[in-house]
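The values are calculated or read from the model by the stated rules, or taken from the named source; none is laboratory data. Every value quoted in this text rests on a predicted model; they were computed, and no experiment measured them. Please note: Cβ atoms are built from the backbone with ideal geometry, for glycine as well, and neighbour counts cover all protein chains shown. Quick note on the areas: whole protein, heavy atoms, side chains included, nothing else; ligands and nucleic acids left out. Shrake-Rupley method; radii C 1.70, N 1.55, O 1.52, S 1.80 Å.
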Amino acid sequence: MKYLIRSVKYLLALVVLYLAVLMLMTLTRTSLLSPAESLSMLVHSTRGQVLIAAVVVLAALYPRFGFISRRVGGNLHTDREQIVRAFETEGFALRRETPGELVFRGGSLIKRLGLLFEDEIRVTQQGDELVLDGIRRGVARTAYRLGSYLSYARDHE
């Protein structure tokens, strides 16, 4: 169910982006067609139908490649300060803390909206590694920053 919801959210975001570009072209008078004519061309032309199919396929595949897990060497308890600092630097805030897990969400409405409210990143301990699970953009950036913070902290002990 979560997969379907993510796909629909991404499809709606792509439709809104298309409509925003169409509106911008109309307002700046760079479009030769009216908005109604542009939408008609989108639906009735082969090129438009291919675009619609591509958007639907992209939205259907987004949850598969848009979410990842990354591992970083560290400890959830002893490195908590660096973990929280890395996430805060990337625009995330600690929302929930349970034994063995930290949950971060976007720190602002703009950040959350930019991530389509799919902004939850979970940090768990597995062996001697931290596992970050969530949206690709947030996890990749934060994992890199966290690795740097932890490396710096260990070098300066």
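Given the alpha-carbon gyration tensor of segment 1-88, what are the semi-axes of its equivalent ellipsoid in whole angstrom, ordered largest first, with each equal to the square root of 5 times an eigenvalue? Write down the numbers at each step before the final one.
Numbers: eigenvalues 337, 62, 17 Å².
For segment 1-88, the semi-axes come out at 41, 18, 9 Å.
What do you reckon, how do L32, L113, L76 stack up by accessible area (1.4 Å probe), largest on top?
L32, L113, L76
Using only helices, what value at 222 nm comes out for the chain when you add -39,500 (n - 2.57) per DSSP H run of length 4 or more and divide by the total residues, to the nearest 500 deg cm²/dmol?
Rounded to the nearest 500, it is -19500 deg cm²/dmol.
Among [x] 1.08; [y] 0.93; [z] 1.14, only one was calculated for this model; which label is it, if the read-out is Rg/Rh (Cα atoms, Kirkwood Rh)?
[z]
Exactly which chymotrypsin sites (Phe, Trp or Tyr not before Pro) in segment 1-73 are in a DSSP loop and have at most 16 other Cβ atoms within 10 Å?
none
As a test of reading the structure, rank S108, S38 by solvent-accessible area (1.4 Å probe, protein chains only), most first.
Putting S108, S38 in descending order of accessible area: S108, S38.
Mind jotting down the three principal axis lengths of segment 59-128 based on Cα atoms? Whole angstrom, largest first.
Its Cα atoms span 38, 25, 19 Å along the three principal axes.
Would you rank E118, E81, E97 by solvent-accessible area, highest first, keeping every protein chain in place and using a 1.4 Å probe?
In descending accessible area the options line up as E81, E97, E118.
Based on alpha-carbon centroids, what's the gap between segment 110-157 and segment 64-102 in Å, whole number please?
About 5 Å separates the Cα centre of segment 110-157 from the one of segment 64-102.
I need the phi-derived Karplus couplings for segment 41-53: 6.51 cos²θ - 1.76 cosθ + 1.60, θ = phi - 60°, integer Hz, Gly and Pro marked x.
So the J values, rounded to whole Hz, are 5, 4, 7, 9, 9, 4, 4, x, 5, 5, 4, 4, 4.
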